[in-house]
Amino acid sequence: ARTVARGADGALTVGGVDVRTLAEEFGTPAYVLDEADFRSRARAWRDAFGTDADVYYAGKAFLSKAVVRWLHEEGLNVDVCSSGELHVALAAGMPGGRIALHGNNKSVRELEQAVKAGVGHVVVDSFQEIERLAEIAGAQGVRQPVLIRITVGVEAHTHEFIATAHEDQKFGLSLSGGLAAEAVRRVLAEPALELRGIHSHIGSQIFDFAGFEVAARRVVGLLAEVRDEHGVQLPEVDLGGGLGIAYTAEDDPREPAEIAAALGEIVRRECAAAGLTVPRISVEPGRAIVGPTAFTLYEVGTVKPLEGLRTYVSVDGGMSDNIRTALYDAAYSVALASRTSDAEPMLVRVVGKHCESGDIVVKDAFLPADLAPGDLIAVPATGAYCRSMASNYNHALKPPVLAVADGAARVIVRRETEEDLLRLDIG
Ligand code: LLP
């Protein structure tokens with residue numbers, strides 16, 4: 001339910017607000033987040049999985065107090081992977097019990113803060129962490145619920161598949177190597193830990209459900225092994241995030257209802273075959289909720305035609321507000337936002353203002369040939385992993401996040417200032 005449209009004179013509007021008004025009032029570059037779209041996507045996940053499941057929004061995609069409040073209101077939980085994310089979630093009023101803590105090397109301090117906050121579960125990722133967490137929970141006199149993150153051994157097949165479930169990487173405890181079963185033994189032996197279930201996250205920006213299906217089968221397989229060895233049935237499985245979104249017209253994304261149905265069916269079928277009670281399912285979508293809900297609004301600064309090659313269009317941001325093109329060779333589209341034009345399309349590369357030639361925002365796209373300095377352009381689908389991966393390279397000031405709804409815009413994360421940078425530089 002995106003509210004992006006063209007106004008009477010052709011300028012882009014979102015949530016009923018003209019992008020020229022946004023640029024005038026708040027400046028560029030800016031991330032423009034469509035609140036109604038965010039809420040409807042969050043709700044779609046909640047509704048697709050229903051009351052027998054929990055949806056944890058993956059805060060690493062983008063986290064701010066406003067979005068945590070929206071998630072709270074829409075009945076979602078939050079997954080955090082650092083003390084910083086934990087603090088934002090708590091500051092926004094998310095109850096500790098609806099927060100999950102992730103990470104392959106959580107610090108003692110992060111574990112202490114999470115236990116103190118009463119997080120719903122900690123997803124443990126190593127034997128050392130099991131020991132550390134047991135000690136911390138014991139010292140605080142609580143029994144901490146945990147999930148064990150396992151590596152199910154699904155291989156990365158495609159270029160987009162930012163894979164995390166193959167064997168040769170840092171996350172999780174290997175199922176085939178027996179580390180997962182050993183982790184179960186160790187958690188069950190710790191009186192200060194309560195083993196709630198098994199976790200798997202196979203990767204990100206995935207369209208093909210085959211990997212999720214293998215993962216779900218193997219996770220349920222481990223539940224059956226745990227029952228056989230220990231006589232306990234674990235009540236939860238968490239199948240992670242990873243559903244892909246459309247960055248360009250070539251991507252064909254799947255709906256939350258489709259993945260909910262696919263995962264539910266496999267878990268039910270495998271449980272029936274193994275004689276297990278169907279566990280509670282959780283998922284951790286990040287990109288699929290927030291990714292499509294925001295675009296980045298830039299002002300064109302220079303237009304440089306290179307004879308026989310393409311035209312370089314420089315904007316007032318770049319790799320500091322969107323590193324994904326440089327880092328993953330990610331594809332984006334771009335649109336002229338402040339007006340429409342009948343001019344011929346020209347091949348462009350949208351680049352930033354940073355001191356390297358890899359500073360590319362949109363590698364290949366078409367914009368009207370009369371594009372000129374002062375025009376506003378919009379790069380869609382920048383809601384996930386753009387603000388959250390933004391940097392201060394070249395002492396760039398991180399852009400604000402504007403939430404737009406019902407004809408009004410407000411700043412939910414303000415633009416950085418030079419004073420912000422100098423406040424940290426105390427030398
Ligand atoms: N759960 C766990 C344990 C994760 O590690 C992740 C993402 C998610 C859930 C959410 O995945 P999503 O639904 O957003 O795909 N920076 C990269 C993506 C890294 C994803 C890291 N983990 C990018 O910009 O594409």
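The values are calculated or read from the model by the stated rules, or taken from the named source; none is laboratory data. Just so you know, these numbers come straight off a predicted model, no measurement behind them. Ideal geometry is used to build each Cβ from the backbone, glycine not excepted, and the neighbour counts take in all protein chains shown.
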Any residue in segment 189-216 that is in the same structural domain as residue 153 (by TED's automatic domain parsing) and within 20 Å of residue 246 (Cα to Cα) sitting within a Cβ distance under 6 Å of a residue that is more than 16 Å from the ligand (Cβ to nearest atom) and among the acidic types (Asp, Glu)? List the pairs, counting only those 6 or more apart or interchain. none
Does any residue of segment 369-384 turn out to be within 28 Å of residue 64 (Cα to Cα), surrounded by fewer than 15 Cβ atoms within 10 Å (Cβ to Cβ) and assigned by TED's automatic domain parsing to the domain that holds residue 307? no
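Conditions (1) surrounded by 15 or more Cβ atoms within 10 Å (Cβ to Cβ); (2) under 21 Å from the mean Cα position of the chain (by Cα); (3) more than 16 Å from the ligand (Cβ to nearest atom); (4) at pLDDT below 95, marked per residue:
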residue	(1), (2), (3), (4)
140	no, no, yes, no
146	yes, no, no, no
153	yes, no, yes, yes
166	yes, yes, no, yes
186	yes, no, yes, no
Confirm whether residue 303 is modelled with pLDDT of 95 or more and either closer than 18 Å to residue 28 by Cβ or surrounded by fewer than 15 Cβ atoms within 10 Å (Cβ to Cβ) (or both). yes
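Per-residue answers, yes or no, for (1) assigned to a loop (DSSP other than H, G, I, E, B); (2) charged (D, E, K, R):
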| residue | (1), (2) |
| --- | --- |
| 325 | no, no |
| 333 | yes, no |
| 340 | yes, no |
| 353 | yes, yes |
| 365 | no, no |
| 377 | no, no |
Can you name every one of the strands (runs of 3 or more DSSP E) wholly within segment 73-125 that holds 3 or more residues which are away from the ligand (no atom under 12 Å from the Cβ) and either at pLDDT below 95 or crowded, with 18+ Cβ neighbours inside 10 Å (or both)? 121-124
Considering each of 181, 216 in turn, give the residue that is within 16 Å of the ligand (Cβ to nearest atom) and buried (at least 17 other Cβ atoms within 10 Å of the Cβ). 216
Identity of the residue in segment 392-425, of a type in the set (Gly, Ala, Ser) and loosely packed, with under 13 Cβ neighbours inside 10 Å, that ends up nearest to the ligand (Cβ to nearest atom): 408
What are the pairs, 6+ residues apart or on separate chains, where a residue within segment 276-294 that is over 18 Å from residue 203 (Cα atoms) has its Cβ under 6 Å from a residue that is among the charged types (D, E, K, R)? 278/268; 279/236; 280/236; 293/34; 293/37
Name every residue in segment 23-72 that is farther than 24 Å from residue 197 by Cβ and without any contact (Cβ under 8 Å) to a residue 12 or more places away in the chain, in order of residue number. 24
Quick one: which of 38, 49, 26 is of a type in the set (Phe, Trp, Tyr), over 13 Å from the mean Cα position of the chain (by Cα) and within 16 Å of the ligand (Cβ to nearest atom)? 49
Just to be sure I understand, how many residues within segment 221-277 are away from the ligand (no atom under 15 Å from the Cβ), under 21 Å from residue 148 (Cα atoms) and in a helix (DSSP H, G or I)? 17
